[in-house]
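K.L.:
One structure coming up, written as structure tokens, with questions to follow.
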Amino acid sequence: MQIWSIMGSTSTSSPPHVVIFPFMAQGHTLPLLDLSKALASRGTRVTIITTPANAPFILSKNSTHPTISLSIIPFPEVEELPEGCENVNRLPSPDLFVPFINATKLLQQPFEDVLKELCDSDSTIPICVISDMFLPWTVDSCCLFDIPRIVFSGMGVLPTVIERNVSLHVPCISSLLHSEPINLPSVPFPLNKTDFPDHFAWRGDEKHPMLPIISEIEQAEHNSWGYVVNSFEELEGDHVAAFENHIETKAWLVGPLLLHDQSKQDLMNSGSKDVDQKQFSPYIKWLDQKMEGVGPGNVIYVAFGSQSYMTDSQMEEIALGLEMAGQPFIWVVRSRTWVPPVGWEDRVKERGLAIRDWVDQRGILEHPAIGGFLTHCGWNSVLEGLSMGVPLLAWPMGAEQGLNARYTAMGLKAGLMVLQERDAKDDPMTVQRNVICDSVKELMRGDQGKKARERAQELGRKARQAVEKGGSSDKKLDELIECLTLKTRIQGRPADPKG
Ligand SMILES: O=c1ccn([C@@H]2O[C@H](COP(=O)(O)OP(=O)(O)O[C@H]3O[C@H](CO)[C@@H](O)[C@H](O)[C@H]3O)[C@@H](O)[C@H]2O)c(=O)[nH]1
């Protein structure tokens, strides 16, 4: 039994308790579920805060961990959002992102009610709240209860540093020409204005509704106790000092979080349902067959995360480009409107699989049949690909993905870029089938692809070492819990501002 000292007196008490509040988007929720499991396996109690429609997904991922519990608070009803829309991936249009963010602000009171309840109980006082950057108001709630707030953004270290640094060197990105390279100190590859998230273009438009949100996020970061990052020392350690300088707090690199999850072998031993589901997924069976037929590393996995929107004509070009490349593929189709061209399914059925459901992406990437990943470069997908030693074919579609893509391809040299042309207004143009075809061929069969594969495999080995016992991320996670526990011990239990 662990002995924890609270308020200066030594007493036998419960293990440390961490509250985790993920943002309602799969790309933000999944890594925090991994973090919850990593904390739980170290004997920490975890309470995850979520809303009713998001609870089943979280339960499906965490149900085997008895020290993780869920606290469900109601999602507010707001006029602009469709009924029951409690997750970004259910938004019918990206234009509803701002109303969605504004709706989440109404979660503050129920969140504080949960904190109050936890603080009223001697055995469950949280040592910290880890909340997503898109929930900046949680820092005020944490202050009320004297609980340290730790930020999680889901992004990598270098992309964040670049984002924060660029305005010091290039005050107005939007006025640059597309062809003008942007060279930043300590970034060993040139960037381009289209690599930057949209909000850099909005900076000239003071009335843009996202700008106050970004400013609230940055302000809340400065007032937070620390930052946990889904990355690892061996990948991004060189950029941590610059990162901490910008966020004005300490950063803890504890990733890749997905690798903290129980290994497949552990799951097999415990007879977990997860393994059964993996083994019997039709697409895993399909990959097993491909392994027998074409050997390891020959299938390209094509998926663009949980939030990307794509036109039907772009979908068509992907379908025909994959067909032309002649490489076996597995493609996650996230479109409600697109239908394949007549005869396409028949023509590719021997070597291609298009799936319209949510898949176990990690299970696919770790399958030995997979040899490349055509991705939008969401940070989770980048880390998942690299952790499994799979090289990336980078095709960014929004947010900070342009920075992730350049970083992976030109900085880490673990991938190639799909080159996208722009029109006169710098809007992305449909990528043509022949470009897709050539890029796929180069990644899977070309010399550049071979080099990227070797580099991805090397990074995959380093990633696994980072989370193993005594690895850099393993030690950081222990250190984080120790630091917070000591802080609570020295300062005593949080004040109750309401009671
Ligand atoms: O069928 C699917 C589709 C997705 N995933 C998982 O969903 C996550 C998707 O995350 P990510 O690759 O990061 O993409 P987005 O969902 O687009 O992520 C958002 O959040 C990321 C983290 O902040 C940012 O890097 C991205 O730019 C932003 O779009 C990954 O873990 C995937 O494994 C599945 O498991 N099955």
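The values are calculated or read from the model by the stated rules, or taken from the named source; none is laboratory data. None of the values given here were measured: they were computed from a predicted structure. A quick note on method: Cβ atoms are made from the backbone with ideal geometry, for glycine too, and the neighbour counts reach across all protein chains shown. Please note that ligands, DNA and RNA were not included when accessible areas were found on the heavy atoms of the full protein model with its side chains. Shrake-Rupley method; radii C 1.70, N 1.55, O 1.52, S 1.80 Å.
K.L.:
State which entries of Lys105/Lys207; Lys61/Lys476; Lys105/Lys425; Lys441/Lys469 exceed 30 angstrom in Cα-Cα distance in the structure shown.
P.N.:
Too far apart for the 30 Å limit: Lys105/Lys425; Lys441/Lys469.
K.L.:
Pick out, from Val254, His239, Ala456, the residue whose Cα sits farthest towards the positive end of the charge dipole of the chain, with +1 on the Cβ of Lys and Arg and -1 on the Cβ of Asp and Glu.
P.N.:
Ala456
K.L.:
Let me ask you something else. Rounded, prolate or oblate for region 118-258? Axes are the square roots of the Cα gyration tensor eigenvalues, ordered a ≥ b ≥ c, and the cut-off for rounded is a/c under 1.5.
P.N.:
oblate
K.L.:
Just from its helices, what would the mean residue ellipticity at 222 nm be for the chain, if runs of 4 or more DSSP H residues each count -39500 (n - 2.57) and the sum is divided by every residue, rounded to the nearest 500 deg cm²/dmol?
P.N.:
Value at 222 nm, helices only, nearest 500: -12500 deg cm²/dmol.
K.L.:
Would you mind working out the accessible area per residue for the chain, using a 1.4 Å probe, and quoting it in Å²?
P.N.:
Roughly 44 Å² per residue, with all protein chains present.
K.L.:
For region 177-264, state the average projected area of the convex hull of the C-alpha atoms over all orientations, rounded to one decimal in nm².
P.N.:
Its Cα hull, projected and averaged over all orientations, spans 8.6 nm².
K.L.:
Round to the nearest 10 and give me the degree value, 0 to 90, for the angle of helix 108-120's Cα axis relative to the longest principal axis of the chain.
P.N.:
Long axis of 108-120 versus the principal axis of the chain: about 50 degrees.
K.L.:
Stokes-Einstein at 37 °C, 0.692 mPa s, Kirkwood radius from Cα pairs: D for region 400-499 in µm² s⁻¹?
P.N.:
Stokes-Einstein gives a translational diffusion coefficient of 183 µm²/s.
K.L.:
Continuing with this model, one more query. Which listed residue (Pro396, Leu412, Gln361) has the Cα farthest towards the positive end of the charge dipole for region 351-499, taking +1 on Lys and Arg C-beta and -1 on Asp and Glu C-beta about the Cα centre?
P.N.:
Leu412
K.L.:
Using θ = phi - 60° and the Karplus relation 6.51 cos²θ - 1.76 cosθ + 1.60, list the HN-Hα couplings for region 48-56 in order, rounded to whole Hz, with x at every Gly or Pro.
P.N.:
Each residue's phi maps through the Karplus curve to give 9, 9, 8, 10, x, 6, 8, 4, x Hz.
K.L.:
Next up: Can you pull the percent of the chain's accessible area that's carbon plus sulfur, 1.4 Å probe, other chains left in place?
P.N.:
Answer for the chain is 51 percent, counting heavy atoms of protein chains only.
K.L.:
For region 344-453, what class follows from the C-alpha gyration tensor (a ≥ b ≥ c being the square roots of its eigenvalues): rounded when a/c is under 1.5, otherwise prolate if a/b is larger than b/c, else oblate?
P.N.:
Details: a/c = 1.41, a/b = 1.13, b/c = 1.24.
Rounded, since a/c falls under 1.5.
K.L.:
Please give the FRET efficiency for Asp146 paired with Thr64, using the beta carbon to beta carbon distance and R0 = 51 Å, rounded to the nearest 0.05.
P.N.:
The value I calculate is 0.95.
K.L.:
Filter the chymotrypsin sites (Phe, Trp or Tyr not before Pro) in region 306-379 down to the DSSP loop ones having no more than 14 other Cβ atoms within 10 Å, then list what survives.
P.N.:
Counting only loop positions with at most 14 other Cβ atoms within 10 Å, the chymotrypsin sites (Phe, Trp or Tyr not before Pro) in region 306-379 are Tyr309, Trp358.
K.L.:
Let me check against my output: what whole-number percent is the relative contact order of the chain, with C-alpha pairs under 8 Å and at least 6 apart?
P.N.:
It comes to 16 percent, rounded to a whole number.
K.L.:
Also, I was wondering about something else. With each label point set 7 Å from Cα along the Cα-Cβ vector, what nm distance links Thr337 and Lys469?
P.N.:
Taking the two extended label points, one gets 5.5 nm.
K.L.:
Would you please give the residues with an amide H less than 5 Å from that of Val302, counting only those at least 5 places away or on a separate chain, with H modeled from the backbone geometry?
P.N.:
Long-range HN contacts for Val302: Ile330, Trp331, Val332, Leu374.
K.L.:
Shifting gears a bit: Return the subset of Lys413/Lys487; Lys116/Lys250; Lys349/Lys450; Lys290/Lys413; Lys250/Lys413 for which the Cα-Cα distance in this structure is over 30 Å, preserving the input order.
P.N.:
Long pairs (Cα-Cα over 30 Å): Lys413/Lys487.
K.L.:
Now a separate question. Suppose every Lys and Arg Cβ carries +1 and every Asp and Glu Cβ carries -1, with no other charges. What dipole size does the chain come out with about its Cα centre, to the nearest 20 debye?
P.N.:
Dipole magnitude for the chain comes out near 1260 debye.
K.L.:
On to the next question. In what sequence, highest mean first, do 478-491, 417-430, 440-453 appear when ranked by Cβ atoms within 10 angstrom?
P.N.:
The packing order, highest mean first, is 440-453, 478-491, 417-430.
K.L.:
Another one. Does anyone have the angle between helix 157-169 and the longest principal axis of the chain? Alpha-carbon axes, 0 to 90°, nearest 10?
P.N.:
Relative to the chain, helix 157-169 is tipped by roughly 90 degrees.
K.L.:
With a cap of 12 neighbouring Cβ atoms within 10 Å, and only residues DSSP puts in a loop, list the chymotrypsin sites (Phe, Trp or Tyr not before Pro) found in region 57-140.
P.N.:
none
K.L.:
For region 392-457, what does the alpha-carbon gyration tensor say about shape, rounded, prolate or oblate, given a ≥ b ≥ c as the root eigenvalues, a/c under 1.5 as rounded, and a/b over b/c as prolate?
P.N.:
Oblate, because a/c is 1.5 or more while a/b does not exceed b/c.
K.L.:
Could you give the Stokes-Einstein D for the chain in µm² per second, using the C-alpha Kirkwood radius, 20 °C, 1.002 mPa s?
P.N.:
Numbers: Rh = 23.8 Å.
Rounded to a whole number, D works out at 90 µm²/s.
K.L.:
In addition: For helix 433-445, report the angle its Cα long axis makes with the longest principal axis of the Cα atoms of the chain; keep it between 0 and 90° and round to the nearest 10°.
P.N.:
Roughly 70 degrees, rounded to the nearest 10.
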